[in-house]
């Protein structure tokens with residue numbers, strides 16, 4: 001049996017970071033949003049082995065890849081002795097704050113639960129996913145959610161209408177661990193309120209919600225890469241409803257009323273030393289691209 005899945009990227013519309021928890025993770029509150037930008041994952045059952053082949057963007061392969069780890073975790077959890085051949089066509093940029101690896105893990109958990117007929121519910125899949133990465137539970141359900149705790153405690157919110165999204169992907173990466181560590185030593189950082197954004201979205205006040213767009217980690221990442229602060233301002237000048245950084249960076253995003261407006265804004269950033277990626281918001285996380293093939 002074979003299954004084709006789309007695993008969607010995410011952005012943090014609003015991200016606030018509090019102190020370090022007893023388990024070593026940071027306490028966060030974030031409004032997370034799925035994007036149409038996605039990787040394609042093909043799962044095909046095999047007698048015993050779990051294998052992975054990757055095309056497109058270069059990522060770590062083998063046992064350290066989150067898709068492979070997700071498959072092995074589900075097999076261990078359920079005692080399943082069946083195998084799977086995983087083909088990952090990578091389009092989501094790597095180390096960009098867009099949750100690509102977490103999205104892949106979510107898709108593999110979700111898809112193999114069907115193919116192996118494991119019968120696990122979403123709550124159980126989320127628990128397994130959280131052990132792989134804090135963004136995996138959100139990537140399983142997708143849409144628009146308030147994420148609290150480590151980022152794995154989700155409150156589903158009314159979905160945003162389809163909006164155009166322009167991503168500015170820098171040619172370098174930043175260390176998530178280093179950004180969070182530096183944030184802990186800051187005495188003064190801008191603290192957007194993800195909870196207020198969530199409350200506005202819950203009452204379907206989009207304009208009020210977008211006033212709370214922001215990312216507390218910008219204080220660190222922009223300090224090391226001041227050009228990002230300039231680009232954020234340029235996104236607003238280009239007509240973005242709001243602009244911010246996703247995750248620990250370095251990717252910036254701008255939201256626009258339509259995909260056409262996002263495409264027009266992209267012309268403003270032509271011939272720069274970074275990538276412009278056009279996409280839209282999405283109402284789901286993992287989805288089937290094509291029904292079962294025999």
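The values are calculated or read from the model by the stated rules, or taken from the named source; none is laboratory data. From a predicted model like this one, the values you see are computed outputs, not experimental measurements. Methodologically, a virtual Cβ is constructed for each residue, glycine included, from the backbone with ideal geometry; neighbour enumeration extends over all protein chains shown.
Evaluated against (1) more than 17 Å from residue 85 (Cβ to Cβ); (2) in contact (Cβ under 8 Å) with a residue 24 or more places away in the chain; (3) over 16 Å from the mean Cα position of the chain (by Cα); (4) part of a strand (DSSP E or B), residue 58 falls short on exactly one condition, (4). Contact annotation: residue pairs with Cβ atoms under 7 Å, 6 or more positions apart or on different chains, pairing a residue in the stretch 24-49 that is more than 29 Å from residue 215 (Cα to Cα) and assigned by TED's automatic domain parsing to the domain that holds residue 111 with a partner that is modelled with pLDDT under 95 and in a loop (DSSP other than H, G, I, E, B), are 45/1; 45/82; 48/81. Looking at this structure, is residue 88 modelled with pLDDT of 95 or more, farther than 16 Å from residue 7 by Cβ and in contact with a helix residue (DSSP H, G or I) (Cβ under 8 Å, 6 or more places away or on another chain)? No: the conditions fail for residue 88. The residue that is modelled with the highest pLDDT, counting only those in the stretch 61-85 that are exposed (fewer than 15 other Cβ atoms within 10 Å of the Cβ), in a loop (DSSP other than H, G, I, E, B) and touching a helix residue (DSSP H, G or I) at 6+ places or on another chain (Cβ under 9 Å), is 81.
The single condition among (1) in contact with a strand residue (DSSP E or B) (Cβ under 7 Å, 6 or more places away or on another chain); (2) closer than 14 Å to residue 103 by Cβ that residue 29 does not meet is (2). Residue 19 meets each of the listed conditions (1) surrounded by fewer than 12 Cβ atoms within 10 Å (Cβ to Cβ); (2) over 24 Å from residue 193 (Cα atoms); (3) in contact with a strand residue (DSSP E or B) (Cβ under 9 Å, 6 or more places away or on another chain) apart from (2).
Those strands (runs of 3 or more DSSP E) of the stretch 242-294 in which 2 or more residues are in contact (Cβ under 8 Å) with a residue 12 or more places away in the chain and closer than 25 Å to residue 174 by Cβ occupy 242-245, 252-256, 275-282. Considering only residues that are more than 29 Å from residue 201 (Cα to Cα) and assigned to a strand (DSSP E or B), which ones fall in the stretch 1-50? Matches in the stretch 1-50: 2, 3, 4, 40, 41, 42, 43, 44, 45, 46, 50.
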